Amino acid sequence: MTEKDLKAMYRSRTEGQFPETVEVLGRGYVKVEDLRYGTNPHQPAAFYKPADGSTLALGAYSMLKTGKSGLSQTNLEDMHHAIGILKYMDRPACAVMKHCNPSGAAIQQTGMSLVEVYKRARDADAQAAFGSVVAFNTSVDADTATEIMQTIVEGVVAPAFSETALAVFHDFDTFKRNKAIRIVQTPPFDGLPKYTDDTPNALEIKMFDDGALVLAQPYLSRLRTVDDFVPAYNEHTKKGRIDITRKPTPQELDDLLFAWRVNLHVRSNGVVIARNGQTLAVGTGEQDRVGAVQQAILKAQTKYKGEKSLAGAVMASDGFFPFRDAVDAATEAGITALAQPGGSVNDYDAIAACNEKAATMVFTLERCFSHH
């Protein structure tokens, strides 16, 4: 195989033999299209949607610009996880996805344009954002499209695009480097199931190599607003009761809810550090909790030219803190507010660690592990 062949395999379709219709657990599905390839270029794949016309978001996408040979499974998976984050956002927001994890995300702050929201999401980790999938929960305008076209992006997904934005995406003369970008429109996805009292659209299915499978209810959250956070407390059998001393500020609460929702689609163990509606660093895929925290802090402080200060930032952890070491690492880096599920045998020590540094902590009363 020549070097030219190696490059071509990423832009060529890998044909498979997939039926036009399938049935899964008694539900019929029709093929939307054969994909460019699956997880890797030598794996064929196809995309299906329910045949009964159920309410769909990604399953009802329209290709407004196909790029080179259309979508791959990896593109769709990134879009899926982005929508899983953005469906919770009540203000214009953007998620920049790489390998099913957000490399950066941002939500609109007062007076902020959509292009600024995008730049904050991209520049949260500009290095990782190269070749990303970018998702929005609102209509994409021309200014935002122009900024997107400044760097290499695999695809953009949103519920709407202005005509001027589409003209930018098709301007091959001006944006030659990014002419293969894929533009995907979906129906609005804010009405998808989100909360624990919503009815799921479908079960989550995990298929193993031997044909065995696991069925599970998809993730739904109990947290609708910041009022659903619980101030951290613990009743220790020997030490007595401890309560978090400092209450979060309104900005900390807003950032904690934002960070928690981004963390719903971060590979566990995962932590999200954020400030003023922007992720500063994402720690993902670590086997130990403190390792995820240390990874995120290290990214923020050393991955870029100069240090990225974490002073006044918040952190959401997808699982409880087994020991106080992760809390100490966070507060020593300047993080002032933490959200975690609660329920650890060492919650007392974690709360004490916060109180010692005048940091604050809230419980979510739910875990959001993502083993995708």
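The values are calculated or read from the model by the stated rules, or taken from the named source; none is laboratory data. Everything numeric here is computed off the predicted structure, so don't read it as measured data. Neighbour counts are summed over all protein chains in view; Cβ atoms, including those assigned to glycine, are modelled from backbone coordinates with ideal geometry.
Couple of notes before you dig in:
- Any hit, the range 226-239, residues being more than 30 Å from Leu192 (Cα to Cα) and β-branched (Val, Ile, Thr): yes
- Tally, over the range 67-84, of residues that are in a loop (DSSP other than H, G, I, E, B), out of contact with any Leu (no Cβ under 8 Å at 6 or more places or on another chain) and not polar (S, T, N, Q): 2
- The range 341-372, subset of a type outside the set (Gly, Ala, Ser) and without any contact (Cβ under 8 Å) to a residue 40 or more places away in the chain, residue surrounded by the fewest Cβ atoms within 10 Å (Cβ to Cβ): Val345
- Of all residues in the range 85-105, those satisfying the criterion of being over 19 Å from Asp190 (Cβ atoms) and assigned to a strand (DSSP E or B) are Val96, Lys98, Asn101, Ser103, Gly104.
- Considering Val282, Val226, Val290, Val230, the condition of being without any contact (Cβ under 8 Å) to a residue 60 or more places away in the chain, closer than 30 Å to Gly191 by Cβ and β-branched (Val, Ile, Thr) is satisfied by Val226 alone.
- Number of positions in the range 106-162 that are under 21 Å from Asn75 (Cα atoms) and not in a helix (DSSP H, G or I): 31
- Candidates are the residues of the range 14-56 that are aromatic (Phe, Trp, Tyr) and assigned to a loop (DSSP other than H, G, I, E, B); the one that is surrounded by the most Cβ atoms within 10 Å (Cβ to Cβ) is Tyr37.
- Residues within the range 185-199 that are over 17 Å from His265 (Cα atoms) and charged (D, E, K, R), tallied: 2
- Scanning the range 55-83 for residues that are small (Gly, Ala, Ser) and over 20 Å from Asp190 (Cβ atoms) turns up Gly67, Ser69, Gly70, Ser72.
- Condition met for His99 (in contact with a Leu (Cβ under 7 Å, 6 or more places away or on another chain), free of Cβ contacts under 8 Å to residues at least 40 places away in the same chain and surrounded by fewer than 24 Cβ atoms within 10 Å (Cβ to Cβ)): no
- Verdict on Ile183 being modelled with pLDDT of 95 or more, surrounded by 11 or more Cβ atoms within 10 Å (Cβ to Cβ) and either more than 25 Å from Val345 (Cα to Cα) or not aliphatic (A, V, I, L, M) (or both): yes
- Apart from one condition, Gln150 fits all of (1) in contact (Cβ under 8 Å) with a residue 40 or more places away in the chain; (2) within 21 Å of Pro102 (Cα to Cα); the exception is (1).
- When each of Gly104, Gly59, Gly70 is tested for being small (Gly, Ala, Ser), in contact (Cβ under 8 Å) with a residue 24 or more places away in the chain and under 27 Å from Asp318 (Cα atoms), the lone residue that passes is Gly104.
- Among residues that are within 30 Å of Val22 (Cα to Cα), touching a residue at least 40 places away in the same chain (Cβ under 8 Å) and part of a loop (DSSP other than H, G, I, E, B), Leu64 is not included.
- Residues of the range 13-29 satisfying the condition of being of a type in the set (Asp, Glu) and closer than 18 Å to Ile205 by Cα: Glu23
Residues are listed down the side, and each one gets a yes or a no for (1) in contact with a helix residue (DSSP H, G or I) (Cβ under 6 Å, 6 or more places away or on another chain); (2) under 23 Å from Gly104 (Cα atoms):
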{"site": "Ser268", "(1), (2)": "no, yes"}
{"site": "Arg289", "(1), (2)": "yes, yes"}
{"site": "Val293", "(1), (2)": "yes, yes"}
{"site": "Leu298", "(1), (2)": "no, yes"}
{"site": "Gly319", "(1), (2)": "no, yes"}
{"site": "Ala329", "(1), (2)": "yes, yes"}
{"site": "Ala337", "(1), (2)": "yes, yes"}
{"site": "Ala350", "(1), (2)": "yes, no"}
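- Restricting attention to the range 194-238, the residues that are of a type in the set (Asp, Glu) and under 25 Å from Met89 (Cβ atoms) add up to 5.
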